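Report on one structure; see the data block that follows.
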Amino acid sequence: MTGRPIWPIFLGLAATIIVADQLTKAWIASSIPPGESMSVVGDYLRLVHSQNTGALFGLFRESAILFGLASMLVIGLIVAYHARSGRSRYMSIALGLLLGGAIGNLIDRLRLGYVVDFVDAGIGSVRWYTFNVADAAISFAILFLIAAAIWPSLAGQRQDGGQTPDQEPGREPGPNPAAQDVDV
């Protein structure tokens, strides 16, 4: 893919996710004591104040420092990948979501030694993992990246790995000049 990456979308979306994540976590921490919950939609959706010392969805507990260090490496890789991704709005959005989520949870790990999770959904004793805004952004980003791997045209790539015609160097989107009739 050619062209410069769309940095304003990438960084703007990441910043929006970070702010939303940190504001919602601060509100939960000030409103609900750790381990307590508040019903939003009966037992189907609750807000709980959970302190996650592990990774995404509470996996690998008591490893906040290790995941903090890994997060810093991943953040560098996300930025480097975006720098090489070319001019794709789709990839800027997917990677911006990923960056914002990674930084949002990293802030908690470095500042608190754990990540504040608070959305609890399920039916009765069958519950989904408790998550937060950063986790949701990471999950959506992963779905977008999987979709781009399955359907490369979403990210502006042809199935054969080349560029779509509107992204070829020096070519403006529009009709193909080679396909026009020429009188000689």
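Coordinate-derived values only; no laboratory data. All values reported here derive from a predicted model rather than from experimental measurement. Methodologically, a virtual Cβ is constructed for each residue, glycine included, from the backbone with ideal geometry; neighbour enumeration extends over all protein chains shown.
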Taking the Cα centre of region 7-157 as the origin and placing charges on Cβ (Lys, Arg +1; Asp, Glu -1), which of Ile142, Ser153, Asn132 is farthest toward the positive end of the dipole? Ser153
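Students often check this: by mean Cβ neighbours within 10 Å, which of 103-111, 29-37, 129-137, 74-82 ranks highest, and how do the rest follow?
Numbers: 103-111: 20.4, 29-37: 12.0, 129-137: 22.4, 74-82: 15.6.
Top to bottom by mean Cβ count within 10 Å: 129-137, 103-111, 74-82, 29-37.
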So between Ser31 and Ala70, what do we pick up on full extension, going 0.36 nm a residue minus the alpha carbon distance? 11.0 nm
What number comes out for the charge environment of Ile6, summing +1 per Lys or Arg and -1 per Asp or Glu over other residues with Cβ under 12 Å away? +3
Return the Cα extents of region 93-132 along principal axes one, two and three, sorted largest first, each rounded to a whole Å. 33, 28, 9
Once you compute Rg and the Kirkwood Rh from C-alpha atoms, what is the Rg to Rh ratio for region 7-157? 1.01
Which distance in nm do the two modelled labels at Met38 and Arg4 give, with both placed 7 Å along the Cα-to-Cβ direction? 4.5 nm
